[in-house]
Amino acid sequence: MPRYLVERSFPDGLEIPTTSEGLKACLGVVDGNTGEQVTWIRSFVTDDHQKTFCIYDGPTPEAIRRAADVSEMPVDAISEISVLDPYFYVGGQS
Amino acid sequence: MLLERDDLLATLGNLLECARSGDGSLVLLAGEAGSGKTSVTRELANSVGDTAVVLWGACDPLSTPRPLSPLHDFAADPDSGLSGLLDEHVEAVETFGTVLARLKGTLRPVLMVVEDLHWADEGTLDFVRFVGRRVADTNALAVCTYRDDEVGPDHPLKLVLGQLGPMETTHRLDVRPLSVAAVAVLAGERAVDAEALHRLTDGNAFYVTEVIAAEESLPGTVQEAVLARVGRLGDGPRRVVEAVSIAPRSLEISHVGLLTGALVEDIDETAGSGVLAAEGRFLSFRHELARAAVEESIPMARRLDLHRRMLSLLEDADSPDRARLAHHAMRADAADLVVDHAPLAAQEASKRGAHKEAISFYESVLSHPELVGDDRVAEFRLALATEFGIVDRQGEALRQATLAVDHYRAGNRTDRLAAALVQVAGPQWSLGDAPSCRATIDEAVELLTRLGPSRDLAHALYTSSHFYMLARQGQFALEVVKRSAAMAEEFGANDIGWSARLIIGCIEIITGAPLRGLAVLNEIKEEAERGDDPHRVAKTLGMLGSGGGEARLYDDAISALDEGIVQGLAADEDYAVAYNRSWLARIAFEQGRWNQAVEYAELVDRTSSTGVGIANVTARGALGRVRVRRGDPGGRELIEDTLQLGVSYELQHVWAPLCGLAEHEWLSGRAQRIPVLLSEDYGRALDTDSQWARGELGFWMWRAGAIDGPPDNAARPFALQMAGEWRAAAEAWREIGCPYEVALALADGDETACLEALPTFDSLGARPAASLVRARLRDVGVKNIPKGPTKQTLANPAGLTSRQLEVLGLMASGMSNAEIADELFLAKKTVEHHVSAIFSKLSVTTRAKAIVAAHELGTTQK
């Protein structure tokens, strides 16, 4: 399944409290994704909480958008990505 | 009573009870030959007594199956209420509908049994698929039995099992082999080692009972067991058994005497011995395995003689059964009789929609060319080519039609040669050889023109105009089709005249008189409706939808496409449904309804079974273009992969996806690559008179700087934009209803116009185009450029999103989650999520309260 980087903007700042409320919010997103066979891997959040960069597995960009629609999350841009590891080439220079 | 079948019978009984209360279902009952499928269904039928209606039908092991055999059985049963089912001139779909109506709304549930589906003809498989897809709303339990060990990967039943299997109303059940304990019970007092017998027979119920009845020390095969039992009969009864064995399913008792000279006592003895069963006017074997074993054992000369006698008996019947006649003729090795009967059997099969059977009959005739004569061979080849075309075996259709052409070329029959050429052209086009196709049809027209006006010429002209229309050579096609229409009228050929007008309407829509074309098509659609001709209605709807779609006459196109889908679903015309949906995807893309475009496109890919046909190209083209305009990944790749799969597509199928590739390059800042991508097809477009192909391809060539202004006869909004009239172009796009194109035209204008374009791009989610406009505004020093899309403000008091509003509206109309999922093309799980979000936003806990709250908010009027 392809992997995607999804960029999102939260002009008012994204606040997820480290409480049971926060847990519920996150699990709600996870649950909302299953109908579209989309898996949320992890996200990176800017310090001002206005932007997130989220890694997702999913069948198509359209499925990523529908999952976002279910969870009522904004989507700025979707890019298909693969992993580049800094030490990937180290062994190959012999 | 049956051993070890209680659980199975209880399950079937429960399903029948569910059917009584309106939850119908279909059971696929599998088991090897002799496992006892028929015994189970008979036991079920006996146990329901008068509490249910029983419809019983079976498929035959004829070398070429009789079309719709189980439906013939239904019709022959006076208690079925279906006696007129197969009257002449009734379309297969209507027949299916009649049976379906019988399965609905009765006080007693209906148990419908279709036996031996592995022998079914195509028509019967269509019937089972038809019922299987609609059984939910009936009071019926449909039980279809088949031998699962005979259904290999290429068996036609496999596809039906695959289509029906995943449905909630389909259940697969097995008739399992008997256990050692059950075998011991059957053996009873007999001196048989139950374990050894179980090993020998693998617990096959029929085999076990035959061995026990044979009263011999374990015979090596089931055939030996059967023959041992028959061997104990006297001479007279044995001849009866042999005679019955040559009939594929059962034999009229009245025929038995005539075939063998057997006495009534002989017949009674066979029935009494348990070898044969008498039912009504018929004698039959208890099992097909036994019949085959006996038939094999009859010495060759006697077997041929029996088949010949059978033939003469059947020939004397009032309404001869062609399939049965052809079967015995083939078995009797009577080539002359095959040649007599098989052509008629083929025509009958074709009329019933059993095209594969028709092919098999024609092939059996053609294996005796010496008896048929060269001219008739050629005629049969043309008929066979038609059948091959219908079942989409275009290569074989081309081969047969070409052989016929070769025959007529050698002779003097110009009219027949021309008719054969017309038949060659169709498969040539389907196989992607459009140039040869047009050469072939040109020759046919030329030959017939020499002979003067005729009905054949009218038909050839119509066919020719159709191919030139598909190539978008509209003006030429129009001249040809007008000659065809006039000639058709002269010869009273109404069908050709009707088809010709269809082509005229279509050409006018595409080449510049769209409103006149629409009027023509709507008029002939109404005619077809009045004439109650569903094929013509469907054909016209397809033309209105695709032609109207290409000319961007969206309202007319969408209503025709929607109507076509409803009709196609009702008639199981999967191809028409996919084709219409693909056009809805393309239109939704052009109208800026991108979510819907995605939904339609995905649906086409999910449901079409024919691989990458024209519908898939259109649907994937639309999906790819949505990705390009959104800036999502995978758009270019999707379009490139799709176009690569079919190098021979006509221009009309490829120009829109190609323009998507061009737009991708432009949005990525690589407009210089566009001319290489488009120049060949732009050239093709200039050879046609398709205004929209010229317009859109021309537009992207112009954008890349490859041309300075609009080509002649380009669609108006594109032509305006290429002429630098961006304001007028934007206005024209607004009238047509294409918001993205409005913004694209404005973006060619001054600062104010660009600022006007931005919110449109932003609200569509057209990120790449919006970025280009922002960059241009920054370059010219504009301050205060609005930032990207602001968070959508929610227009209704409860803070529902637009999707949630849509779901709530459907809830209020009484739909279940599953129905809403179907309506909106969403996963059921996704709908459940929306519903629970709606509950929490409205602070309610039940559906009913949500609907009440929706009414209070006034949101359901939307």
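The values are calculated or read from the model by the stated rules, or taken from the named source; none is laboratory data. Nothing here was measured: the structure is a model prediction, and the numbers come from that model. Every residue, glycine among them, receives a Cβ derived from its backbone with ideal geometry; neighbour counts consider all protein chains shown. Side chains included, ligands, DNA and RNA excluded: accessible areas come from the protein's heavy atoms. Shrake-Rupley method; radii C 1.70, N 1.55, O 1.52, S 1.80 Å.
Points to keep in mind about this one:
- Estimated inter-spin distance, B:L3 and A:T19, nm [label 7 Å along Cα→Cβ]: 7.1 nm
- Counted over the protein assembly as shown, the DSSP beta bridges are approximately 50% antiparallel.
- Net lengthening on full extension, B:A519/B:S436 (0.36 nm per residue, minus Cα-Cα): 26.5 nm
- Relative contact order (%) - criterion: Cα under 8 Å, at least six apart; region: the range B:178-220: 39 percent
- Taking a straight line from the alpha carbon of A:K51, these aspartates and glutamates sit under 20 Å away, with near neighbours fewer than eight places off in the same chain left out: A:E7, A:D12, A:E15, A:D69, A:E72, A:D76, A:E80, B:D632, B:D762.
- Sites B:D79 and B:V844 - FRET efficiency at Förster radius 45 Å, r taken between beta-carbons, to 0.05: 0.30
- Of the residues B:W429, B:A10, B:L651, the one whose Cα sits farthest towards the positive end of the charge dipole of the protein assembly as shown is B:L651 (charges of +1 on Lys and Arg Cβ, -1 on Asp and Glu Cβ, taken about the Cα centre).
- Hits among lysines - C-alpha to C-alpha of B:K37 under 22 Å, sequence gap 8 or more where chains match: B:K158
- Cross-link partners for B:K539 among the lysines, with Cα-Cα distance under 28 Å and sequence neighbours closer than 8 places in the same chain left out: B:K351, B:K356, B:K482, B:K525.
- Averaged over the residues of B:412-420, the number of partner chain Cβ atoms lying within 10 Å of the residue Cβ comes to 0.
- Close amide-amide hydrogen proximity is noted between B:K104 and B:N139, each under 5 Å apart and 5 or more residues distant or on a separate chain (H modeled in the peptide plane; Pro and chain starts excluded).
- Here is the tail figure for chain B: Cα pairs spaced more than 56 Å apart come to 26 percent of all pairs.
- Two-decimal log10 I(q)/I(0) for the protein assembly as shown, as the Debye equation yields it once each C-alpha is a single scatterer, q = 0.06, 0.09, 0.10 Å⁻¹: -0.59, -1.13, -1.27
- Based on protein heavy atoms only, the range B:221-287 ends up with 45 Å² per residue of surface accessible to a 1.4 Å probe.
- Relative contact order (%) - the range B:221-287, alpha-carbon pairs under 8 angstrom, separation at least six: 34 percent
- Placing +1 on the Cβ of every Lys and Arg and -1 on the Cβ of every Asp and Glu, with nothing else charged, gives the protein assembly as shown a dipole about its Cα centre of roughly 2380 debye.
- A simple rule links phi to the HN-Hα coupling: the Karplus curve 6.51 cos²θ - 1.76 cosθ + 1.60 with θ = phi - 60°, which for the range A:22-35 gives x, 4, 4, 4, 5, 5, x, 5, 4, 5, x, 6, 5, x Hz, with x for Gly and Pro.
- Karplus 3J(HN,Hα) series, Hz, for the range B:160-174 with 6.51 cos²θ - 1.76 cosθ + 1.60 (x for Gly, Pro): 5, 4, x, 6, 8, x, x, 6, 5, 8, 9, 10, 9, 10, 10
- The mean sequence separation of alpha-carbon pairs under 8 Å and at least six residues apart, normalised by the residue count of chain B, gives a relative contact order of 6 percent.
- Centre separation in Å (Cα based) which lies between the range B:350-375 and the range B:179-230: 44 Å
- Taking every protein chain into account, the 1.4 Å probe leaves B:K841 with about 60 Å² of accessible area, to the nearest ten.
- Rounded to the nearest Hz, the phi-derived 3J(HN,Hα) couplings of the range A:64-69 under the Karplus curve 6.51 cos²θ - 1.76 cosθ + 1.60 (θ = phi - 60°) are 4, 5, 5, 5, 5, 4, where x marks glycine and proline.
- With the helix formula -39500 (n - 2.57) applied to DSSP H stretches of n ≥ 4, chain B reaches a computed 222 nm mean residue ellipticity of -21000 deg cm²/dmol.
- Distance between the pseudo-spin-label points of B:S668 and B:R176 (7 Å out from Cα toward the beta carbon): 5.8 nm.
- Kirkwood hydrodynamic radius (C-alpha pairs) into Stokes-Einstein, the range B:802-857, 10 °C and 1.306 mPa s, D in µm²/s: 145 µm²/s
- On the beta carbon distance between B:E806 and B:K104, with R0 = 30 Å, the FRET formula returns roughly 0.40.
- Inter-label distance, nm, simple model (7 Å from Cα along the C-beta direction), B:S771/B:A728: 3.5 nm
- Within the range B:823-856, backbone nitrogen closer than 18 Å to the virtual label 7 Å beyond the Cα of A:D31 toward Cβ: B:827-847
- Estimated FRET transfer efficiency (B:E680, A:S79; beta-carbon r; R0 25 Å; 0.05): 0.20
- Our Cα-only numbers for the range B:221-287 put the radius of gyration and Dmax at 10.9, 33 Å.
- Ranking B:S35, B:A140, B:W692 by Cα position along the charge dipole of chain B, where only Lys, Arg, Asp and Glu carry charges on their C-beta atoms, puts B:W692 farthest toward the positive end.
- Amide H contacts of B:V54 (H built 1.01 Å from N, under 5 Å, at least 5 apart or other chain): B:L111
- Dipole of the protein assembly as shown, positive direction: furthest Cα of B:T540, B:V226, B:A205, with charges on the beta-carbon: B:T540
- Long-range tail of P(r) for the range B:243-375 (Cα pairs > 26 Å, %): 28 percent
- Spin-label proximity, B:F491 to the range B:367-392 - amide N less than 19 Å from point 7 Å beyond Cα toward beta carbon: B:379, B:382-383
- Under 5 Å, built H, 5+ apart or other chain: amide partners of B:A332: none
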